[in-house]
1. Under the Karplus relation 6.51 cos²θ - 1.76 cosθ + 1.60, θ = phi - 60°, what is the ordered set of whole-Hz ³J(HN,Hα) values for segment 134-146, x standing for Gly and Pro?
2. How would you classify segment 125-274 from its alpha-carbon gyration tensor, with a ≥ b ≥ c the square roots of the eigenvalues: rounded for a/c under 1.5, else prolate if a/b is greater than b/c, otherwise oblate?
3. How big is the gap, in Å, between the Cα center of segment 91-151 and the Cα center of segment 208-274?
4. Say R0 is 51 Å: what FRET efficiency, to the nearest 0.05, do Thr123 and Arg214 get from their beta-carbon distance?
5. With θ taken as phi - 60° and the coefficients 6.51, -1.76 and 1.60, list the Karplus ³J(HN,Hα) couplings across segment 153-164 in order, rounded to whole Hz; mark glycine and proline as x.
6. Based on the Cβ-Cβ distance of Trp269 and Arg173, what FRET efficiency does E = 1/(1 + (r/R0)^6) give at R0 = 35 Å, to the nearest 0.05?
7. Find the relative contact order for segment 182-274 and round it to a whole percent, using C-alpha pairs within less than 8 Å whose residues are 6+ positions apart.
8. Please list, ordered by chain and number, the residues whose modelled amide H lies under 5 Å from the amide H of Thr117; skip anything fewer than 5 residues away on the same chain.
Amino acid sequence: MPAFFRFRRPADACSLYFNFLHILKYIIDLLFFVSYTTHQYLFCNSVKYIFMKGVLMMFKKGMIATLGVVAATMFVTLPVQAAVKPVGQVTTLLEPSYGATKQIAIWDVVPENWVVTQVSVDTKTIKYTGGATYGARLQIVKNNLIPLNWVVTSASFDYFYITYVGGAEFGNRIQTIKTTPIPPNWVITQATTDYFTLTYAGGAQYGQMLLTTRTTPIPENYVVTTVTTDNLWIKYVGGAPVGESVRIAKLSPIPAGWEVTLVTTDSVWIVYRG
């Protein structure tokens, strides 16, 4: 046997044995450091367990048997740790910003708050409408559903031109085509053969009035005070003091909290009870 492998004194064997353990510890520490820096906590715990168990088995069964056990156990453990998700990791989907575009298949359903701006043989180009500011404008294909708080201002053979009216202030006006959807709190104040003029009735204070067409929707907390051949005068009664009385037309809606106290030939008196 060569001199290198001949252990003449027990100290030689012990020295080589513990040198091996020292090297093995450095390898395990290196693996532990790499694992820790990538936040694979389960793997770290597994490696530490392997190291401690390996040391005990070295004293019981010898170096060669222990090395085989450590290598075999690490072979089984490594694939498992690769699949472990770090504790506390959260996947976040960022909401797109206004105007973002993407292409989808022609048969795909258009997501909420997206509109189709172009169509080809097998794809659709869609644009995100969320986050728009008052007055923003888009050109969209005609078979779109119009998103909430958007109105159609004009149309061509293939397209609608829409404008965002969210964030309007009381009295703001916009001209639209007559087939447009009318958003909440907007009233028709003028109508021609092809167009409507819409006025924003939201944000009113008690007692403010608007002149509208006969065909307008009446917003919440408004009453009709006067009726003419072509128009309605409507009054905002939100924020009225308790006990306040208002004379309204018979065709007027009666808001919540108001009670009829008198009915005449052409009008109704209501009082606010709160």
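What follows draws every value from the coordinates through simple rules; no lab data is involved. If you're wondering where the values come from, they're calculated on a predicted model, not measured in any experiment. Methodologically, a virtual Cβ is constructed for each residue, glycine included, from the backbone with ideal geometry; neighbour enumeration extends over all protein chains shown.
1. Going residue by residue, I get 3, x, 4, 10, 9, 9, 9, 6, 6, 7, 6, 7, 7 Hz, with x marking Gly and Pro.
2. Values: a/c = 3.21, a/b = 2.05, b/c = 1.56.
Verdict is prolate for segment 125-274.
3. Centre-to-centre distance over Cα atoms comes out at 40 Å.
4. 0.65
5. With coefficients 6.51, -1.76 and 1.60, one gets 8, 7, 8, 10, 4, 10, 10, 9, 10, 10, 10, 8 Hz.
6. The value I calculate is 0.60.
7. Relative CO of segment 182-274 lands at 22 percent.
8. Close amide H contacts, sequence-distant or interchain: Thr125, Ile126, Lys127, Val141.
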